[in-house]
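One structure is given below, encoded as structure tokens.
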Amino acid sequence: YKKTNYLFEMRGLESVKVKGKTKRIKPYRVIGIKGIPKHKRGISELYSPLVGREKEFEKIKSALNKVLQGNGVVLTLIGEAGLGKSRTIEEMRKECGEKTVWLSGRSFSYGRTIPFWVILEQIRTYLGVGEFTPEFEVIKRLKRETKRLFGDRTDEYLPYLSLFLSIKVPKNLEKKVKYLDCESLRLQEFVSVKAFFKEIAQNRPLILYFEDIHWIDPESIELLKFLLDGLSDSAVLFLFETRPEKETGLYNIKSYIQKIYKNRYIEIRLKPLKISDANRLIHNLLRLPSFPRILLSVILEKSEGNPFYIEEIMHSFIDVDILK
Ligand SMILES: Nc1ncnc2c1ncn2[C@@H]1O[C@H](COP(=O)(O)OP(=O)(O)OP(=O)(O)O)[C@@H](O)[C@H]1O
Ligand SMILES: [Mg+2]
């Protein structure tokens, strides 16, 4: 229940006796999928402000300053699972507030087969639509936004953006796509996506967040290279969150990125928390005036400064009633 209740609505049932367990177990029945899932990490009701990470935040601020001054920037946050990449980025987003347009897109471990998923998500976020929004609504919003961004150049981009989003091309613009071969169409889609982001960034600096980019699909990598190249002089910050695996698509294009962005390529490698910070995190989460030293040292030793492990160990203590 504790592992999955962020995703599903569940109803608690009468506790039952289970073979091999002395205590009765409380089962839950799944009654549906949560509309808006709760965050998957963290212990519900327990919260800690971000601890440590001051140096990392300095780098984040310097990347933000660069984009706020109108430069293209690439910021990569690298770290093992659970070290706090997503959390650090959450804090960065708070820092940005309304100063930037923030568009997120995810990549998935189970190799989502839809090409360009991460960038489709970023565009959909801008349009305020989701994967399951009815087509007529997506068409309406795309028309409205392209008009707002491109004015009388709308027809140059609208047909290809419609194709990219897999929605109907407006009737009067069909001739723009009818006679092109696959390759030319793809190029027009790439050009239009780039133009779309470029226009957005002209009004307000744009942050394109690529969550878990270590799982990015090969088609998105192609488009990403095109965007990195074409948007390096716009106020766009590419924010890449990645685990350190070397075989990832991002790793393969790193030298390409560094060549274009030079000192506007900023990299942060998250390390485990220092003992003093880990200590602080444990106390923040528990808010107990006194905490058995022995438990404290067990958590510190076993977690090796990984905040996710700290939370998980505390979880397990709660599960076996050592902590309530
Ligand atoms: N510096 C920190 N201070 C307080 N809490 C933290 C800190 N870093 C991480 N956490 C907490 O630890 C948990 C794990 O962090 P997070 O999900 O950000 O890790 P991650 O590096 O993104 O992992 P993954 O690679 O699996 O996505 C979260 O609940 C987060 O709030
Ligand atoms: Mg994460």
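Based on this model, can you work out whether Leu224 counts as within 16 Å of ligand 2 (Cβ to nearest atom) and out of contact with any helix residue (DSSP H, G or I) (no Cβ under 6 Å at 6 or more places or on another chain)? Answer is no for this residue. Of the numbered criteria (1) surrounded by fewer than 13 Cβ atoms within 10 Å (Cβ to Cβ); (2) touching a helix residue (DSSP H, G or I) at 6+ places or on another chain (Cβ under 7 Å); (3) small (Gly, Ala, Ser), the one Ser255 fails is (2).
Restricting the stretch 198-221 to residues that are under 25 Å from Gly70 (Cα atoms) and surrounded by fewer than 16 Cβ atoms within 10 Å (Cβ to Cβ) leaves a set whose member that is nearest to the chain's Cα centre (by Cα) is Arg204. Scanning the stretch 238-249 for residues that are more than 15 Å from ligand 1 (Cβ to nearest atom), modelled with pLDDT under 85 and open to solvent by less than 40 Å² (accessible area, probe 1.4 Å) yields one hit, Gly249. Applying the criterion of being within 16 Å of ligand 1 (Cβ to nearest atom) and in a loop (DSSP other than H, G, I, E, B) to the residues of the stretch 250-296, the residue that is nearest to Glu219 (Cα to Cα) is Leu270. Within the stretch 115-140, the set of residues being surrounded by fewer than 16 Cβ atoms within 10 Å (Cβ to Cβ) and either closer than 19 Å to Glu174 by Cα or not assigned by TED's automatic domain parsing to the domain that holds Ser184 (or both) comprises Glu135, Phe136, Lys140. Only one of these conditions is not met by Ile89: (1) in contact (Cβ under 8 Å) with a residue 12 or more places away in the chain; (2) under 27 Å from Pro49 (Cβ atoms); (3) loosely packed, with under 13 Cβ neighbours inside 10 Å. Which number is it? Failing condition for Ile89: (3). I'd like to know if the stretch 284-291 contains one or more residues that are open to solvent by 30 Å² or more (accessible area, probe 1.4 Å), outside the structural domain of Phe238 (by TED's automatic domain parsing) and at pLDDT 85 or above. There is at least one residue in the stretch 284-291 that is open to solvent by 30 Å² or more (accessible area, probe 1.4 Å), outside the structural domain of Phe238 (by TED's automatic domain parsing) and at pLDDT 85 or above. If we keep just the residues of the stretch 141-166 that are among the basic types (Lys, Arg) and out of contact with any helix residue (DSSP H, G or I) (no Cβ under 6 Å at 6 or more places or on another chain), which is least open to solvent (accessible area, probe 1.4 Å)? Applying the filter and picking the extreme gives Arg153. Here the strands (runs of 3 or more DSSP E) wholly within the stretch 1-119 that include at least 3 residues being at pLDDT below 90 and away from ligand 1 (no atom under 15 Å from the Cβ) are 8-12, 28-33.
The values are calculated or read from the model by the stated rules, or taken from the named source; none is laboratory data. Remember, it's a predicted structure, so these values are computed and weren't measured experimentally. Counting neighbours? That spans all protein chains shown, and the Cβs are built from the backbone with ideal geometry, glycine included. Ligands, DNA and RNA are stripped out before the accessible areas are found, and what is left, the full protein with its side chains, is counted by its heavy atoms. Shrake-Rupley method; radii C 1.70, N 1.55, O 1.52, S 1.80 Å.
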